[in-house]
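A.B. asks: This is the structure I want to talk about, given as structure tokens.
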Amino acid sequence: MTAVLRWADETEGGPAVVLLDQTRLPAHEEERWCRDVPALVGAIRELAVRGAPVLGLAGAYGVALAAARGDGVEAAAGELAEARPTAVNLRHGVERARAAWRAARPGDAAAAALGAARELHAEDARASAAMAGHGLELLTGLLPARAAGWRLLTHCNTGALVSGGGGTALAVVRAAHTAGRLERLWVDETRPLLQGARLTTWEAARWGLPHTLLADNAAGSLFAAGQVDAVLIGADRVSADGSVANKVGSYPLAVLARHHGVPFVVVAPVSTVDPDTARGADIIIEQRDAEEVTGTGDGRHAPAGVAVHNPAFDVTPPDLVSALVTERGTVGPMDARRLAAVCDGPRATELREADGMMKA
Ligand SMILES: CSC[C@@H](O)[C@@H](O)C(=O)COP(=O)(O)O
């Protein structure tokens, strides 16, 4: 498969960040060359590269690109970090490469930024593999063994297209399949941009996962018919209280899962947990263009000028989340104290210390 994201150096016509253009899938597997930061910011906004962990990589390589070109790194870092507001990994990736660039001697700074991006890329691949293992272990403990295997439902796209490795929730599904425990993956189409229909089915087919696509609003009747054993999704940001921002349509699935007594499992690396955002209500939700909902030109299927509500994400409160699977292990049930135990950073340390003091 064409690499989801890679660095091209001068020997192959770079410097450039080269993306597998996800807006062209599944019909076309095409590279998109981003030779400067404005081109990369455009690709991020158009979702040519998308999904939380890989947005972190795009941010880090973007800083390296600005440094390699001799462009203004601080301004470029700011533009990259703001390209999409909800996925906290984007900001992390930018910060990581910028910190390496700032810390290096001037002659070494561009190489240091690129080195940081490459390091993050390798860490991300390792995190995917660890999450797949922890997720499979969780499902094995949580779900009754079924001779035919589990029926798992997912939303949006969380596979190799979102990561330097195998992905988040979809990596767990793949591990279940490899272990002979997957009967079927139910794939929500994921209106309005169809990440499930376009991307998850494409990945599932390549991996040989038995899968069935459904319209988002068909999920309820599947639960009612007892056809869903667990829901597995990714996350774009998890606030300190354990609220989960993910692709719009995740919250209704959590409500359905609770009503039907089905586990609702979130799979995300620790870098998606944001200890600086206290509550779910504090997470900034990206609002996107009306035309994503109404269609355009010949494909328009709503009257021109109709008022449109198009949030890219919604927030699931912690009490509806059965568990969060990270590369460092599983947190569940979700709360601030348990989350802080797997997190990095000063705010997480504060929470851990406060917890220690409370216990003493
Ligand atoms: C690890 S992938 C988790 C999320 O990033 C994914 O579910 C999602 O919501 C992506 O949204 P997108 O708008 O396609 O970037």
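Here, each number is a calculation from the coordinates, and none is a lab measurement. Remember, it's a predicted structure, so these values are computed and weren't measured experimentally. A quick note on method: Cβ atoms are made from the backbone with ideal geometry, for glycine too, and the neighbour counts reach across all protein chains shown.
A.B. asks: For region 194-268, rounded, prolate or oblate, judged on the Cα gyration tensor with a ≥ b ≥ c (square roots of eigenvalues), a/c < 1.5 rounded, else prolate if a/b > b/c?
C.D. replies: Because a/c hits 1.5 or more and a/b fails to exceed b/c, region 194-268 counts as oblate.
A.B. asks: Rounded to the nearest 5, what is the percent of antiparallel bridges among the DSSP beta bridges in region 130-359?
C.D. replies: Numbers: 10 of 30 bridges.
Counting DSSP beta bridges with both partners in region 130-359, the antiparallel share is about 35 percent.
A.B. asks: Using the Cα centre of the chain as the reference point, and only Cβ charges (+1 on K/R, -1 on D/E), how large is the resulting charge dipole? Debye, rounded to the nearest 20. Show your work: numbers first, answer last.
C.D. replies: Working: 35 positive and 43 negative charges, 150 e Å.
The calculation lands at about 720 debye.
A.B. asks: If the elastic network links every pair of Cα atoms under 10 Å, which of ASP344, ASP108, ASP274 fluctuates the most in the Gaussian network model of the chain?
C.D. replies: ASP108
A.B. asks: For HIS309 and ALA3, calculate 0.36 nm times their separation in residues minus their Cα-Cα distance, and state this gained length in nm to one decimal. Mind showing how you got there, number by number?
C.D. replies: Values: separation 306, 0.36 × 306 = 110.16 nm, distance 3.41 nm.
Additional length available on full extension: 106.7 nm.
A.B. asks: Using label points projected 7 Å from each Cα along Cα→Cβ, tell me how many nm separate GLU286 and ALA147, to one decimal.
C.D. replies: Result: 4.6 nm between the two label points.
A.B. asks: For the pair HIS260 and VAL293, how long in nm is the line joining their label points, each one 7 Å along Cα→Cβ?
C.D. replies: The modelled label-to-label distance comes out at 2.6 nm.
A.B. asks: Highest mean first, how do 214-221, 79-86 rank when packing is the count of other Cβ atoms within 10 Å averaged over residues? Please list the in-between numbers first.
C.D. replies: Numbers: 214-221: 14.8, 79-86: 19.9.
Result, highest mean Cβ count within 10 Å first: 79-86, 214-221.
A.B. asks: Quick check for you: which residues of region 267-305 have the amide N under 15 Å from the point 7 Å beyond the Cα of ARG45 toward its beta carbon?
C.D. replies: Correct set: 286-292.
A.B. asks: Just grab the label-to-label distance for ARG102 and HIS28, each label 7 Å out from Cα along the Cβ direction, in nm (one decimal).
C.D. replies: A separation of 4.0 nm, rounded to one decimal place.
A.B. asks: Let me check against my output: what whole-number percent is the relative contact order of region 130-359, with C-alpha pairs under 8 Å and at least 6 apart? Before the final figure, lay out each step's value.
C.D. replies: Numbers: 463 pairs, mean separation 46.2, N = 230.
Reported as a whole number, the value is 20 percent.
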